[in-house]
1. I need the GluC sites (Glu not before Pro) found in segment 152-249, filtered to DSSP loop residues with at most 14 other beta carbons within 10 Å of theirs.
2. What is the magnitude of the charge dipole of segment 163-262 about its Cα centre, with +1 placed on the Cβ of each Lys and Arg, -1 on the Cβ of each Asp and Glu, and no other charges, expressed in debye to the nearest 20?
3. Kirkwood Rh over alpha-carbon pairs of segment 266-352, then Stokes-Einstein at 25 °C and 0.890 mPa s: what D in µm² s⁻¹, rounded to an integer?
4. Return the FRET efficiency for the residue pair residue 168, residue 233: r is the Cβ-Cβ distance, R0 is 45 Å, and the value is rounded to the nearest 0.05.
5. Running Debye on segment 160-292 with equal point scatterers at the Cα sites and no solvent, what base-10 log of I(q)/I(0) appears at q = 0.14, 0.18 Å⁻¹?
6. Compute the acute angle (0 to 90°) between the alpha-carbon long axis of helix 158-167 and the principal axis of greatest extent of the alpha-carbon atoms of the chain; round to the nearest 10°.
7. If you average the sequence gap of Cα pairs under 8 Å that are 6 or more apart and divide by the length of segment 1-144, what percent do you get for the contact order?
8. How large is the dipole of segment 294-361 about the Cα centre if only Lys and Arg carry +1 and Asp and Glu carry -1, each at its Cβ, rounded to the nearest 20 debye?
Amino acid sequence: MIYFDQAASSFPKPASVSKAVLEAIQEYGANPGRGGHALSRRASSVIKETRSLIANFFGCSDPNHVLFFQNATGALNQAIKGFPLEEGDHIISSSFEHNSVRRPLEELKRINNINISYIGKERPGFFSLEEFEQAITPRTKLITITHGSNVTGTILPIEKISKIAKEFGIKVLVDASQTAGILPIHMKNMNIDMLAFPGHKGLMGPQGTGVLLVEGNINLNPIFHGGTGSFSESPFQPEQWPEKFESGTLNTPGIAGLKAGLEEVIHLGLDEIVSRETFLINHFIDQLSQIDDIQIYKNSNEQGQLGVVSFTLGSIDSNEVAMILDEYYGIAVRAGVHCAPMIHEKLGTLETGAIRVSVGPYNTKEEVDSFIQAMKEIRKGYLG
């Protein structure tokens, strides 16, 4: 199998990740923070070490502000729904957003009468800083924005957005689902207040892991309540971080695997990862553009291109092409609207969807060439 669905979940995982997960299950599979015995202490130690490693890697001042969830969706929901807002307050987002951002925002709008602006009206695949700045009002309290599009590979100018936000005293939440472990991110230097990402994509960790980092003092309200292994005599959620936001048993094997994945990213180096992915995706785009009837949807900004690109073949349904790639060529891609309907609406692909290819550090040029040959044959079979 040739795997070009890295934007959904990275594969294959480093051997060290599998080893760390298995070790956690077989050697210290106890509840962290739920007992004083040796196995519980060892599980707690691994989680504490992972918090510190993540905080240091992403420039977050306090490791206790590294909060674990089961995925990026959980982290984003905590950041959005837990943010202190009042009726009539305003949030700015973008048309690039995944439903993990859009749906919590729309729920706030429906239930709490919060106003939402989605930037990206000028042209598909393009983000306008001018349009963004013009959207700011005296009631704007939060900007929630993706760092990179999971459809077009567009990289948004997070540092410029955060600089403007800081001038107006607005907090910034960044969805780094497509960029964590690929692009450099330093919360303090980039004026990012909250950062959310999954562990199973660019960080090469297991599924079932997600993280929310909070820089500084934001009075977040927890959206989950329950046992935290501490302050058990109180009927109320503790105020202490990270326990305030981590009710229930943590995914110790997953977090151990996430630590190993991040260590592999550090070992490879972000420069090497982005260089390789840029080379591969540029080769994809160059070769795809030479095939008749292919429409490519890629980055339109000056920020650069992630290792993600989408395309259509004439008016053929994207899911049909993906099925042929899978069943006849052994090539895995993602077809459809990729949980990001706003950008597909602007691209004009909401009905047919698009075929997305996404690369990782272990993909090769030879695999890209095999894909291109397959698309030539599929195109000939359909269109002659």
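The values are calculated or read from the model by the stated rules, or taken from the named source; none is laboratory data. Since the structure is predicted, the reported quantities are computational estimates derived from the model, not experimental observations. Neighbour counts are summed over all protein chains in view; Cβ atoms, including those assigned to glycine, are modelled from backbone coordinates with ideal geometry. When the accessible area is computed, the model is the full protein with side chains, heavy atoms only, and any ligands, DNA or RNA have been set aside. Shrake-Rupley method; radii C 1.70, N 1.55, O 1.52, S 1.80 Å.
1. Passing sites in segment 152-249 are 233, 239.
2. Numbers: 7 positive and 8 negative charges, 75 e Å.
The calculation lands at about 360 debye.
3. Approximately 168 µm²/s, per Stokes-Einstein.
4. E between residue 168 and residue 233, to the nearest 0.05, is 0.55.
5. Debye curve over Cα of segment 160-292, log10 I(q)/I(0) at q = 0.14, 0.18 Å⁻¹: -0.83, -1.13.
6. Helix 158-167 sits roughly 50 degrees off the main axis of the chain.
7. Relative contact order for segment 1-144 comes out at 17 percent.
8. 220
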